[in-house]
Amino acid sequence: MRLQHLVLAAALAATSVSALRAQSFVIGFDSLSDGSAANLAAPAGVSFAVGSFSPDLDSEGDLIDGTTRWRVDTSAESVLVRNPSFYDRGAAPSSPNALDAVFDTVLVSFSSPQVVSGFSVRLDNDSFGFDGLAIEFYSVGASTNTLLGSIPIDQAVPGFLATLSGPLAGVDFVVLPAGALYDDLSFTAVPEPSEWGVLAAGLMGAVAWVRSRRR
């Protein structure tokens, strides 16, 4: 590859890295009708699914020790949007609807690892639910997940606001505990630029090597 081609490729890769910008989203569920699939309100690259805390299975269907982790429950139905009155609960913080996690833990998954610099969500306006729970942020590994951070919540406090205090890198999914409806989910995130960063660094190294050989 000629030097000018290497320079151009390196510049394009570096530009792609710098072009990655944090995006902010506020996901309300009021544009959907009661009982609709929550994924209809999700922006590109984000999805909602029922979570299962379970182990891997071997070829015989037996549990594999040490592999218990959060994963999407592929046998579960879609996560829905509900008017809290469906459960005789108080109004949604942003009326009329909220994300239904009353009976199932919900995973908020990203299509690629994200640097999450801001996150907040408000719980339903009633005193049902539990204390001592937490919204958790995870990265995905080959046979396990790594807990990156958490937000303690109290589902018994009407309209409890859960907010992330600092940035977390490498977030693949967020766990919303069962027992509540969640509303006004907002977050600020940017895809991790690792692949483009490695490419740009490699190309710049190649440019430097070619130039040194020409001297």
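The values are calculated or read from the model by the stated rules, or taken from the named source; none is laboratory data. Everything quoted here is computed from the prediction, not taken from an experiment. No Cβ is skipped: glycine too gets one built from the backbone with ideal geometry, and neighbour counts run over all protein chains shown.
Structure summary
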read-out	value
Candidate set from the stretch 99-143 (those that are farther than 21 Å from residue 36 by Cβ and among the hydroxyl-bearing types (Ser, Thr, Tyr)); member that is surrounded by the most Cβ atoms within 10 Å (Cβ to Cβ)	138
Among residues of the stretch 83-98, those that are out of contact with any helix residue (DSSP H, G or I) (no Cβ under 9 Å at 6 or more places or on another chain) and buried (at least 19 other Cβ atoms within 10 Å of the Cβ), counted	4
Residue in the stretch 195-206 that is assigned to a strand (DSSP E or B), over 30 Å from residue 83 (Cβ atoms) and modelled with pLDDT under 95 present	no
Residues satisfying the stated conditions in the stretch 1-31, i.e. surrounded by fewer than 16 Cβ atoms within 10 Å (Cβ to Cβ), modelled with pLDDT of 90 or more and among the hydrophobic types (A, V, I, L, M, F, W, C)	25, 26
Breaking point among (1) surrounded by fewer than 16 Cβ atoms within 10 Å (Cβ to Cβ); (2) modelled with pLDDT of 95 or more, for residue 151	(1)
Candidate set from the stretch 58-74 (those that are within 16 Å of residue 145 (Cα to Cα) and surrounded by 11 or more Cβ atoms within 10 Å (Cβ to Cβ)); member that is farthest from the chain's Cα centre (by Cα)	64
Candidates 130, 119, filtered to the one that is in a loop (DSSP other than H, G, I, E, B) and of a type in the set (Phe, Trp, Tyr)	130
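Residue-wise test of (1) out of contact with any His (no Cβ under 6 Å at 6 or more places or on another chain); (2) polar (S, T, N, Q); (3) assigned to a strand (DSSP E or B); (4) at pLDDT 95 or above.
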position	(1), (2), (3), (4)
40	yes, no, no, yes
66	yes, no, no, no
77	yes, no, no, yes
81	yes, no, yes, yes
86	yes, no, no, yes
95	yes, yes, no, no
109	yes, yes, yes, yes
113	yes, no, yes, yes
